[in-house]
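Below is one structure, written out as structure tokens; the observations come after it.
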Amino acid sequence: MTGIVCISISCSRQSVSERDTLALIPVPQEMKVNSDSFTLTRNAAITLDQSNQALVGIAEYLNEKISPATGFELPVEKHGKIEFKLVEDASLGDEGYQLKVKHSDILITANKPAGIFYGVQTLLQMFPAEIKSKTVQPEDKKWTIPCAEITDKPQFPWRGLMLDVSRHWFTKEEVLKYIDELAEYKMNVFHWHLTDDQGWRIEIKKYPLLTERGAWRKPNGQDASCLYQAKKEDNPDLLLPSDRWRTTAEGDSLYGGFYTQDQIREVVSYAAARGISIVPEIDMPGHCLSAIANYEGLSCFDQVGWGKVFTSPLCPGKDAALEFCRNVWSEVIALFPYEYVHIGGDEVEKDNWRKCADCQRRIAQQGLKGVEELQSWFIHEMERFFNAKGRRMIGWDEIIEGGLSKTSTVMWWRNWAPQSVPEATAHGNDVIYTPATPFYFSQNEEKSSMRQVYDYDLAPASLSAAQRAHIVGVQANLWAEGIPSRSRMLY
């Protein structure tokens, strides 16, 4: 079980006296504990509106969680000891819940099934830790929890974790485990970083070379760094998994992997059952080497690779490159039935654009002032495409440079660019906090890391009330340069 992801972002801060406190993450807004207790037995059926398939699914989820350890499942009956009940209570919002544990029964009420689901997560945390075991406990094991009244709702609608599967690929099953971790701590967004220079991880039927070639690579410096650290620390979690390799007809050993579109659909369905929306990220116009190295006409020049700091970007001066982007995103959007998509838009090295006749022609035709505005033009072009498809666009805070559109959402990550948040919110754009410090969980943990996460102020007084209304939430990011395995990812 992870420790680092146990952050209290989903609840408003409210002090709870020590005598009334249960070890719940995140800490609920209101909690009252008494000395009595409830014991779960195989006779404790679940009562719910059986015409509501979402509630039925939550009951199945609860049984899935408890049955391996307890050895029994709870049937759905008219008069059970555990009741899920939908009510009309404006104070709870869409994701809030009230949990009442009495000696004889348990009641979870909420406005919507999402609240019931989060009430179930709190309930599971109240049971002895052995409830998470995958083996049946002794017959005399008592599944007892304290009686309590808990009321909770999230402070922010966006509570996310990102997983980078480009630098190191994770299997579908490992991604599902990651989603389980999000659900346990009442997070509701999975940001899936599916493409980057080091690997293209999603099947695009119109462009099969993206995965036939772009999903595989010869070992690189990041891989070597993992192997060095594995030996230095005697830590097998830093080794490259053996099932990520394939041998070519020429005898080369290549490292990688990708998800078929059917696998993507499985992950989407799995996440939806846990109240989690998925935001796919296809990073562009930079961080695209896994695409432009395999298809001609996407970059400014035929020779592509690493420049001073970053790789060759897509060429926004070429209509063929724009058509490629639209075609890719058309297939991606069809797989992810959610409100948001993420275009990346960060760390673009623009030297090629300054020398490219196509880019300079585009700048002149559009009346742009230079390559910074050319990037903004590209981002806006893609956003219009997303909007026409019924989606809203997110980008890293570099999308502010060269001119911010009225409708994009900014994901602020650059601690050294603190003006991004006041600038974007003053412009009327929503912002999601993802500052590298302390929300890049891929960085080495320091002594104050956890405290910094818990105490981070997402609504500083320096912002006006109108600006604070545009802070939609917070997200932690897991970049995978140094994270090659499932066990390291969970760590």
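The values are calculated or read from the model by the stated rules, or taken from the named source; none is laboratory data. Note that this is a predicted model, so its numbers are computed, not measured. Note: ideal-geometry Cβ built from the backbone for every residue, glycine included; neighbour counts use all protein chains shown. When the accessible area is computed, the model is the full protein with side chains, heavy atoms only, and any ligands, DNA or RNA have been set aside. Shrake-Rupley method; radii C 1.70, N 1.55, O 1.52, S 1.80 Å.
Side notes on the structure shown:
- Cβ pairs under 9 Å, 6+ apart, first in segment 67-91 and on the phi > 0 side of the Ramachandran plot, second assigned to a loop (DSSP other than H, G, I, E, B) and charged (D, E, K, R): 71/42; 71/139
Residue by residue, here is whether (1) under 29 Å from residue 269 (Cα atoms); (2) at pLDDT below 95 holds:
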site: 37; (1), (2): no, no
site: 47; (1), (2): yes, no
site: 51; (1), (2): yes, no
site: 76; (1), (2): yes, no
site: 79; (1), (2): no, yes
site: 124; (1), (2): yes, no
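- Only one entry of 78, 65 meets the criterion of being under 24 Å from residue 133 (Cα atoms) and of a type outside the set (A, V, I, L, M, F, W, C), and that entry is 65.
- Within segment 28-132, strands (runs of 3 or more DSSP E) holding 1 or more residues that are within 24 Å of the chain's Cα centre (by Cα) and within 21 Å of residue 183 (Cα to Cα): 97-101
- Hey, residue 353 modelled with pLDDT of 95 or more, under 26 Å from residue 155 (Cα atoms) and either hydrophobic (A, V, I, L, M, F, W, C) or open to solvent by 30 Å² or more (accessible area, probe 1.4 Å) (or both) or not: no
- Apart from one condition, residue 149 fits all of (1) closer than 24 Å to residue 64 by Cα; (2) part of a strand (DSSP E or B); (3) of a type in the set (Asp, Glu); the exception is (1).
- Some residue of segment 57-80 being touching a Gly at 6+ places or on another chain (Cβ under 8 Å) and surrounded by 19 or more Cβ atoms within 10 Å (Cβ to Cβ): yes
- Here is the figure for segment 18-28: residues that are open to solvent by 30 Å² or more (accessible area, probe 1.4 Å) and modelled with pLDDT of 90 or more total 4.
- Residue 479 vs. criteria modelled with pLDDT of 95 or more and either under 30 Å from residue 318 (Cβ atoms) or buried (at least 21 other Cβ atoms within 10 Å of the Cβ) (or both): yes
- Residue-level check: of (1) within 14 Å of residue 378 (Cβ to Cβ); (2) buried (at least 20 other Cβ atoms within 10 Å of the Cβ), residue 342 misses just (1).
- Contact map, segment 197-212: first residue closer than 19 Å to residue 313 by Cβ, second residue of a type in the set (S, T, N, Q) and at pLDDT below 95, Cβ cut-off under 6 Å, separation 6 or more or different chains; pairs are 197/311.
- Checked against (1) out of contact with any Ser or Thr (no Cβ under 8 Å at 6 or more places or on another chain); (2) at pLDDT below 95; (3) on the phi > 0 side of the Ramachandran plot; (4) of a type in the set (Gly, Ala, Ser), residue 305 meets all criteria but (1).
- Filter result (buried (at least 17 other Cβ atoms within 10 Å of the Cβ) and among the hydroxyl-bearing types (Ser, Thr, Tyr)) within segment 309-337: 311, 312
- Number of residues in segment 287-299 that are free of Cβ contacts under 8 Å to residues at least 60 places away in the same chain and either in a helix (DSSP H, G or I) or of a type outside the set (A, V, I, L, M, F, W, C) (or both) equals 4.
- Of the numbered criteria (1) crowded, with 16+ Cβ neighbours inside 10 Å; (2) touching a residue at least 24 places away in the same chain (Cβ under 8 Å); (3) under 28 Å from residue 378 (Cα atoms), the one residue 486 fails is (3).
- Across segment 170-203, the qualifying residues are those that are over 15 Å from the mean Cα position of the chain (by Cα), of a type outside the set (Val, Ile, Thr) and surrounded by 22 or more Cβ atoms within 10 Å (Cβ to Cβ), and the one among them that is nearest to residue 265 (Cα to Cα) is 201.
- The number of residues in segment 300-329 that are of a type in the set (Lys, Arg) and part of a loop (DSSP other than H, G, I, E, B) comes to 2.
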